[in-house]
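The values are calculated or read from the model by the stated rules, or taken from the named source; none is laboratory data. Treat the numbers as computed from the prediction; the structure is a model and nothing was measured. Cβ: placed from backbone, ideal geometry, glycine included. Neighbour counts: every protein chain shown. With ligands, DNA and RNA removed, areas are computed over all heavy atoms of the protein, side chains included. Shrake-Rupley method; radii C 1.70, N 1.55, O 1.52, S 1.80 Å.
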Amino acid sequence: MARMLNVALPKGRLGETVYGLFEAAGFPCPAVMEPGRKLIFENAEAGVRYFWVKPSDVAIYVERGAADIGVAGKDILLEYEPDVYELADLGVGVCRMAVAAKRDFYDDTRRALRVATKFPHIASRHYAARGRDIDVIRLGGSIELAPILGLSDVIVDIVETGKTLKENDLAVIEEIAPVSARLIANKSGFKFKTAEIERIARQLRKKETI
Amino acid sequence: MENKFAAADPQERVALALRELYAGYGYRPYRMSKFEEYDLYSRHKDFLVSDGVITFTDTNGKLMALKPDVTLSIIKNSADRPDLTEKLYYSENVYRVSKRAGTFREIPQTGLECFGDVDGYAVGEVLLLAAKSLAAVGGAFVLDVSHLGLLCSQIDRLTDKETVREELLRCAGEKNVHGVSAVCAREGLSPEKSAPLCELLALSGPPSDVLPALSALAKRTGTEAEAAELRAALAAFAESGFEKNVRVDFSVVSDRAYYNGIVFKGFVEGIPECVLSGGQYDNLMRRMGRRSRAIGFAVYPEPLGRIGESRCADADVMLIYEKGSDPAALRRAAEKLIGRGESVLVCPKENPKIRCRKKAVFRDGEVIFLGEDA
């Protein structure tokens, strides 16, 4: 009998969409969608055990082997660079990592660029590749406020529709990378549950191309 | 006692077993100082697993480092004799910044290096020793073997931009075929052109399954020499009993500035990270001005503490004696239990901080067990 696969799903709307993909791919566990405070759900017949975790923690659960596979946004993977396999682009949660600024932004290269972001690693890497000196301002949320209040010159953040930026008189000035949900796997776990993980990855890739 | 090392930690047991294994194959122990001149690491920073090095100024004004790596020191202190084969093993602590903790840690590392005249036999022997090292850890294991030269040939024929090559190598290490396709599309490469690389990354499994398909791919892409090297290296496992543990997997990647040829990583079931890593590092030898070839690997026993039975008691029996008991009789009673293979903590009063599986009292020259579980 196949061994149970531990799957870390990101809590929230993206997680629900992703669970739908797993269900459609033949790995259902209806209890997952039932309201309540339960965190772990198992379908022994399908050989899967799902658990909800904070989206930014999925990569940690997978990298450390608490989950064999999981679904994490490419933004998280770019920021934390976990040592995991990235087996499929699920084509959901599509957005982009971008640099945005006030519409009248002018880059004064005589001084360090002040960058407000939740993604300091991505921002530092992006500007280091351009040789631009930056002052990273790490924020936990409402990043768009920073340039409006003069806290920063630009922001590095994920942009989905651009509506929030537009409403705050901000605009994307540079795209860094496309972002979407990715199926990731623990490298060691993959070695010992290869068939099971590849079966899920194959099914999810099929769904993605339909 | 069945196992003379039963009291040792899993890491210590593995380190002892590995030293015995390597010595059995004629590898000589190599001991070194904890310190090394910092200059050695500053010149080969990319070779180090982590950037951080603990430095201090010695009494003679030289900037020294607590060694973050063993291989560089071994090469530096060895003679460059490409006509001879030198085989060494080590069991040392290194000092690195842990990627997870972000702080310096002392990390035990056991490994071997073979340099000088490294021929096909030597490469095969090192691979076999890597498999035997993983077997010594215990439990199920997998040794992934790749050929970095073969993978890099497929990457290099796509582009001459270093940053794109690095990006593609990173994707290969992540089994990220969609990432390879995206990078190639961005660089204006047709899917036909990137297909061989994607095909190579999809080749993963036992050598008997992968090698025939690899031969066909190598023929089409002019990488027959590298494929032949990989095939020859894997032949070391014939009749070794490890055939089912070895897999060809091109997601095993290393820094191409230092490594070339055969590279490999070992995984043990129940441990989430790789516990063994190695390969041929002729490029590092050239960078250090050496003509010799080299291959080696390191085993990281630290994560092994997480497998097997975790200790849930300090001793098997807590033997509590009454004040005034005959010490000689008490000692005899304790020795009797120890002789039966039990660990015994003798104390005059129960210590609530200490956990033992069974509790017994020594009364009137007799050992009276109070229950199955303490």
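Residues being surrounded by fewer than 23 Cβ atoms within 10 Å (Cβ to Cβ) and within 14 Å of another protein chain (Cβ to nearest Cβ): count how many of those fall in region A:39-60.
Total meeting the criteria: 2.
Assuming A:V179 fulfils every condition listed in (1) in contact (Cβ under 8 Å) with a residue 60 or more places away in the chain; (2) out of contact with any Asp or Glu (no Cβ under 6 Å at 6 or more places or on another chain) apart from one, which condition is it?
Just one mismatch for A:V179, condition (2).
For A:G36, are the conditions met, namely being touching a helix residue (DSSP H, G or I) at 6+ places or on another chain (Cβ under 8 Å), more than 14 Å from chain B (Cβ to nearest Cβ), more than 20 Å from A:L139 (Cβ to Cβ) and surrounded by fewer than 21 Cβ atoms within 10 Å (Cβ to Cβ)? Break it down stepwise before answering.
Numbers: touching a helix residue (DSSP H, G or I) at 6+ places or on another chain (Cβ under 8 Å): no; more than 14 Å from chain B (Cβ to nearest Cβ): yes; more than 20 Å from A:L139 (Cβ to Cβ): yes; surrounded by fewer than 21 Cβ atoms within 10 Å (Cβ to Cβ): yes.
Spelling it out, it is not the case that A:G36 is touching a helix residue (DSSP H, G or I) at 6+ places or on another chain (Cβ under 8 Å), more than 14 Å from chain B (Cβ to nearest Cβ), more than 20 Å from A:L139 (Cβ to Cβ) and surrounded by fewer than 21 Cβ atoms within 10 Å (Cβ to Cβ).
I'd like the residue in region B:217-229 that is open to solvent by 30 Å² or more (accessible area, probe 1.4 Å) and touching a helix residue (DSSP H, G or I) at 6+ places or on another chain (Cβ under 6 Å) and, out of all such residues, is farthest from B:V164 (Cα to Cα). Before the answer, list the steps.
Looking only at region B:217-229, we keep the residues that are open to solvent by 30 Å² or more (accessible area, probe 1.4 Å), and these are B:219-220, B:222, B:224-226, B:228-229.
If we keep only those that are touching a helix residue (DSSP H, G or I) at 6+ places or on another chain (Cβ under 6 Å) as well, we get B:224, B:226.
Details: B:E224: 24, B:E226: 22 Å.
Looking at the filtered set, the residue picked out is B:E224.
Only residues that are within 22 Å of A:D83 (Cβ to Cβ) and aromatic (F, W, Y): list them for region B:202-260, please.
B:F250, B:Y258, B:Y259
Restricting region B:117-159 to residues that are hydroxyl-bearing (S, T, Y) and free of Cβ contacts under 8 Å to residues at least 60 places away in the same chain, which is farthest from the other protein chains (Cβ to nearest Cβ)?
Filtering first and then ranking leaves B:Y121.
Counting residues that are free of Cβ contacts under 8 Å to residues at least 60 places away in the same chain, hydrophobic (A, V, I, L, M, F, W, C) and out of contact with any Ser or Thr (no Cβ under 6 Å at 6 or more places or on another chain), which strands (runs of 3 or more DSSP E) fully inside region B:268-344 reach at least 2? Please lay out each step first, then the result.
On the way: elements: B:276-280, B:293-299, B:315-321.
Correct list: B:315-321.
Could you please let me know if B:L134 is under 21 Å from the mean Cα position of the chain (by Cα), in a strand (DSSP E or B) and buried (at least 20 other Cβ atoms within 10 Å of the Cβ)?
Details: under 21 Å from the mean Cα position of the chain (by Cα): yes; in a strand (DSSP E or B): no; buried (at least 20 other Cβ atoms within 10 Å of the Cβ): yes.
Spelling it out, it is not the case that B:L134 is under 21 Å from the mean Cα position of the chain (by Cα), in a strand (DSSP E or B) and buried (at least 20 other Cβ atoms within 10 Å of the Cβ).
Here is a list of conditions, (1) part of a loop (DSSP other than H, G, I, E, B); (2) among the hydroxyl-bearing types (S, T, Y); (3) within 30 Å of B:D144 (Cα to Cα), and A:S188 meets all of them except one; can you say which number that is?
The failed condition is (1).
Would you confirm whether any residue within region B:268-291 is away from every other protein chain (no Cβ under 14 Å), surrounded by fewer than 20 Cβ atoms within 10 Å (Cβ to Cβ), under 24 Å from B:R13 (Cα atoms) and in contact with a helix residue (DSSP H, G or I) (Cβ under 9 Å, 6 or more places away or on another chain)?
So far as region B:268-291 goes, no, none of its residues is away from every other protein chain (no Cβ under 14 Å), surrounded by fewer than 20 Cβ atoms within 10 Å (Cβ to Cβ), under 24 Å from B:R13 (Cα atoms) and in contact with a helix residue (DSSP H, G or I) (Cβ under 9 Å, 6 or more places away or on another chain).
Which members of region A:159-195 meet the condition of being aliphatic (A, V, I, L, M), open to solvent by 10 Å² or more (accessible area, probe 1.4 Å), under 30 Å from A:L145 (Cα atoms) and within 14 Å of chain B (Cβ to nearest Cβ)?
A:I176, A:A177
Here are some conditions: (1) within 14 Å of chain B (Cβ to nearest Cβ); (2) in contact with a strand residue (DSSP E or B) (Cβ under 9 Å, 6 or more places away or on another chain); (3) modelled with pLDDT under 95; (4) open to solvent by 30 Å² or more (accessible area, probe 1.4 Å). A:K207 meets all but one. Which one does it not meet?
(2)
Let's see how each residue does on (1) open to solvent by 50 Å² or more (accessible area, probe 1.4 Å); (2) among the basic types (K, R); (3) assigned to a helix (DSSP H, G or I):
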{"residue": "B:G188", "(1), (2), (3)": "yes, no, no"}
{"residue": "B:L200", "(1), (2), (3)": "no, no, yes"}
{"residue": "B:D209", "(1), (2), (3)": "yes, no, yes"}
{"residue": "B:S215", "(1), (2), (3)": "no, no, yes"}
{"residue": "B:R231", "(1), (2), (3)": "yes, yes, yes"}
{"residue": "B:L234", "(1), (2), (3)": "no, no, yes"}
{"residue": "B:E239", "(1), (2), (3)": "yes, no, no"}
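Would you mind finding the one in A:G91, A:G131 that is within 12 Å of chain B (Cβ to nearest Cβ) and on the phi > 0 side of the Ramachandran plot? Talk me through it step by step, then tell me what you get.
Details: A:G131 fails: within 12 Å of chain B (Cβ to nearest Cβ).
Exactly one of A:G91, A:G131 is within 12 Å of chain B (Cβ to nearest Cβ) and on the phi > 0 side of the Ramachandran plot, namely A:G91.
In region B:11-27, what residues are of a type outside the set (G, A, S), in contact with a strand residue (DSSP E or B) (Cβ under 9 Å, 6 or more places away or on another chain) and crowded, with 20+ Cβ neighbours inside 10 Å?
Within region B:11-27, B:V14, B:L18, B:Y22, B:Y27 meet the criteria.
For the structure I just gave you, tell me whether B:V94 is of a type in the set (A, V, I, L, M, F, W, C) and within 13 Å of another protein chain (Cβ to nearest Cβ).
On the way: of a type in the set (A, V, I, L, M, F, W, C): yes; within 13 Å of another protein chain (Cβ to nearest Cβ): no.
The answer is no for B:V94.
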